[in-house]
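Right, one structure below, let's go through it.
Quick note: the coordinates plus some simple rules give every number you see, no bench work behind them. No experiment lies behind these values; they were computed from the predicted model shown. Every residue, glycine as well, gets a Cβ built from its backbone with ideal geometry; the counts of neighbours run over all protein chains shown.
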Amino acid sequence: MFDQVEIQLKKIFNGRYSTSVSTRTNYARGEDTYDPVLSKAVVFPETNEEVSKILRLCNEHKIPVVPFGTGTSLEGNVVGNEKGITICLEKMNKVLSVNAEDFDCRVQACVTKEQLNDYLREDGVFFPIDPGANAAIGGMASTSASGTMAVKYGTMKTVISGLTVVLPNGDIINTGSRTKKTSAGYNLTNLFIGSEGTLGVITEVQLRLSPIPESIMAAVCHFPTLENAVQTAQQVIQYGIPIARIEMLNKDQMGISIKYSKLKDIQEVPTLFFEFHGSEMSNDENIKIVKEISKDNNGSSFKWAKDLEERNKLWKARWDVYYSVKALINNGRVYSTDVCLPISNITECVNYAEEQAKKFGLRAPMVGHLGDGNFHVLLPFDPEKKEMYKKIREFNDLLIKKALELNGTITGEHGVGLHKKEYLLEEHGDNIPVMKMIKRSIDQNNIMNPGKIFDLN
């Protein structure tokens with residue numbers, strides 16, 4: 001069956017269809033802990049119609065398909081399928097339209113967030129969702145990503161108003177609209193956001209944009225304990241102070257970042273990073289309030305910066321987090337946890353994570369998007385040392401159980417992929433039959449990213 005599909009795809013795509021080992025290896029996994037799984041081939045479409053042709057053929061012959069963007073996913077979302085093909089969307093990377101007066105735009109799936117914001121700069125608007133990595137917009141939609149500025153600007157579900165999706169049978173549908181609101185039937189847009197390529201291939205995304213703030217100010221504050229830092233962030237949110245982001249790094253992560261990025265004038269203690277978007281006057285006022293809250297929680301060495309270069313210096317420790325941890329071990333990998341909790345329960349869960357890491361003897365640098373209750377423990381390990389990986393999984397099991405006990409969720413922004421299938425059963429076991437019904441009705445031959453999120457059979 002595959003031979004028949006291959007003959008036709010080679011005819012359609014010529015040099016954009018590859019079976020070379022090097023190409024297949026490059027698109028065999030994301031930034032996760034899995035060993036690469038090579039699909040039989042990788043194909044590079046350029047249009048919605050070409051994606052449609054691929055899916056129509058694969059569906060007819062029941063060949064599995066894995067959609068691939070920039071490969072920054074962390075949960076095994078894009079691991080290849082040895083019986084199928086990988087559709088790489090990297091050639092679908094055009095900004096299709098910008099309507100600055102309406103604060104919206106439409107992009108192809110593999111436009112990255114940095115590429116988009118570079119394109120928008122002259123229009124006085126920007127795309128506010130920042131997951132840290134320079135991810136593709138389509139991948140961010142597929143995993144329902146959010147990141148550092150969710151506290152002010154929301155998540156991908158907040159900013160996506162419509163999608164173009166190619167269904168498993170090759171049909172091309174357009175969901176949503178450019179309008180701010182609609183009540184026209186089922187919300188299919190939200191159905192596909194977070195579906196991780198299991199229902200179809202997202203090829204275009206309609207986005208809501210935000211005006212570039214008049215003033216952006218950043219601030220950094222050090223704390224004697226992690227609990228002091230977390231309580232500060234909690235109070236800033238509970239007091240209703242408008243803030244764009246509040247990021248936390250624990251002591252271990254600060255030490256790693258200082259060494260990796262060769263930082264000066266910054267302390268190896270639990271630290272909060274703040275960013276304020278608004279008018280200069282409002283930012284000045286909000287910084288004063290946040291500084292007072294920080295002082296009440298024993299915060300010190302409060303530094304702030306207005307111009308871009310100075311802000312970037314302050315934020316450098318945060319931006320380098322993942323790669324600084326990865327660099328701790330030669331050829332090492334990083335297991336990133338991703339629990340999210342109600343703000344009032346975040347302190348208890350963060351403390352629990354630190355205590356358990358000590359019990360397991362794990363090095364556990366930590367970063368948190370504390371404004372929305374989301375934090376990650378970044379656990380470096382040598383893939384050759386299976387016992388270490390086993391410890392990490394046991395630690396993650398306990399952390400997830402604690403998060404669920406505190407009314408949290410197993411994943412705030414990374415998705416489920418392969419890593420968290422068993423945990424999804426714990427959080428939403430009663431929902432899985434409904435998810436399977438939806439999957440079967442749209443993807444009758446189970447060709448779309450099979451085995452991700454849940455097992456169909």
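Considering only C-alpha atoms, what is the centroid distance from the stretch 237-263 to the stretch 26-82, in Å?
What the calculation gives is 35 Å, centre to centre.
Multiply the residue separation of Lys288 and Ser215 by 0.36 nm, subtract the distance between their alpha-carbon atoms, and state the gained length in nm to one decimal.
Roughly 24.7 nm would be gained on extension.
Simple spin-label model, 7 Å along Cα-to-Cβ: Ile329 to Lys264 in nm?
3.4
Among residues other than Glu426 whose Cβ falls under 13 Å from its Cβ, what is the net charge (Lys/Arg +1, Asp/Glu -1)?
-1
Only one of the values (i) 33, 29, 20; (ii) 37, 26, 20; (iii) 43, 34, 17 was calculated from this structure for semi-axes √(5λ) of the Cα gyration tensor in Å; name its label.
Correct label is (ii).
Counting only DSSP beta bridges with both residues in the chain, tell me the antiparallel percent, nearest 5.
Rounded to the nearest five, the antiparallel share is 90 percent.
To one decimal place, what Kirkwood hydrodynamic radius in Å is obtained for the stretch 214-415 from all pairs of distinct Cα atoms?
The answer is 17.2 Å.
For the chain, what does the relative contact order come out to in percent, with C-alpha contacts under 8 Å and a separation of six or more?
Taking the mean separation of contacting Cα pairs over the length of the chain, I get 16 percent.
Taking Cα pairs under 8 Å and at least six residues apart, what relative contact order does the stretch 2-90 come out at, in percent?
Over the stretch 2-90, the number comes to 35 percent.
If amide hydrogens are placed 1.01 Å from N in the peptide plane, which non-local residues have theirs closer than 5 Å to the one on Leu199?
For Leu199, no residues qualify.
Using 1/(1 + (r/R0)^6) with R0 = 35 angstrom and r between the beta carbons of Lys390 and Thr19, what's the FRET efficiency to the nearest 0.05?
0.50
What is the stretch 142-211 by shape, rounded, prolate or oblate, if you read a ≥ b ≥ c off the alpha carbon gyration tensor as root eigenvalues and call it rounded for a/c under 1.5, prolate for a/b larger than b/c, and oblate otherwise?
Cα axes put the stretch 142-211 in the oblate bin.
Calculate the spin-label point distance for Asp397 paired with Lys306, positioning each point 7 Å from the Cα along the beta-carbon direction, and give it in nanometres.
If labels sit at Lys306 and Asp397, their model points lie 5.5 nm apart.
Using the Karplus curve 6.51 cos²θ - 1.76 cosθ + 1.60 with θ = phi - 60°, work out ³J(HN,Hα) for each residue of the stretch 187-196 in order, rounded to whole Hz, and write x for Gly and Pro.
Working through the residues one at a time gives 7, 6, 4, 5, 5, 7, 5, x, 7, 6 Hz.
Show me, for the stretch 205-210, the HN-Hα J-couplings you get by feeding each phi into the Karplus relation (A = 6.51, B = -1.76, C = 1.60, θ = phi - 60°), rounded to Hz, glycine and proline as x.
For the stretch 205-210, the Karplus-derived couplings read 9, 8, 10, 8, 10, 10 Hz, x marking Gly and Pro.
Can you work out the Karplus-derived ³J(HN,Hα) for every residue in the stretch 88-105? Use 6.51 cos²θ - 1.76 cosθ + 1.60 with θ = phi - 60°, whole Hz, and x for glycine or proline.
Karplus-based 3J(HN,Hα) across the stretch 88-105 equals 8, 9, 4, 7, 9, 10, 9, 7, 7, 6, 10, 10, 4, 5, 9, 6, 8, 7 Hz.
Efficiency by 1/(1 + (r/R0)^6): what FRET value for Asp430 and Leu191, r their Cβ-Cβ distance, R0 = 25 Å, to the nearest 0.05?
Efficiency at R0 = 25 Å is approximately 0.85.
When Cys221, Cys349 are ordered from fewest to most other Cβ atoms inside 10 Å of their Cβ, what list results?
Cys349, Cys221
Quick one: which residues, 5+ away or cross-chain, put their amide H under 5 Å from the amide H of Asn374? H built at 1.01 Å from N.
Leu341, His369
Which value, in debye to the nearest 20, describes the size of the charge dipole of the chain about its Cα centre when Lys and Arg Cβ atoms bear +1, Asp and Glu Cβ atoms bear -1, and nothing else is charged?
Taking the Cα centre of the chain as origin, the dipole is about 820 debye.
Taking H as built 1.01 Å from N, whose amide H comes closer than 5 Å to the amide H of Ser161, not counting residues under 5 places away?
Gln206, Leu207, Arg208
Could you give the angle, 0 to 90 degrees to the nearest 10, between helix 48-61's Cα long axis and the longest principal axis of the Cα atoms of the chain?
That helix lies at roughly 60 degrees to the long axis.
Return Thr411, Thr143 ranked ascending by Cβ neighbour count within 10 Å, so the fewest neighbours appear first.
With the fewest neighbours first, Thr411, Thr143 line up as Thr411, Thr143.
For the stretch 290-385, how many pairs of lysine residues have a Cα-Cα distance under 29 Å, where the two are 8 or more positions apart or belong to different chains?
21
With point charges of +1 on the Cβ of Lys and Arg and -1 on the Cβ of Asp and Glu, referenced to the Cα centre of the stretch 214-415, which listed residue (Val321, Tyr260, Leu370) lies farthest in the positive direction of the dipole?
Of the options given, the answer is Tyr260.
Quote the charge dipole size of the stretch 214-415 about the Cα centre in Debye, to the nearest 20; the model charges only the Cβ of Lys and Arg (+1) and of Asp and Glu (-1).
800
Neighbouring Cβ atoms within 10 Å as the yardstick, rank Phe103, Phe274, Phe223 fewest first.
Lowest count first: Phe103, Phe223, Phe274.
Suppose each label sits 7 Å from its Cα in the direction of the beta carbon; what would the Asp35-Phe2 distance come out to in nanometres?
It is 1.8 nm.
For the stretch 95-211, what's the relative contact order in percent, using C-alpha pairs closer than 8 Å and at least 6 residues apart?
For the stretch 95-211, the relative contact order is 33 percent.
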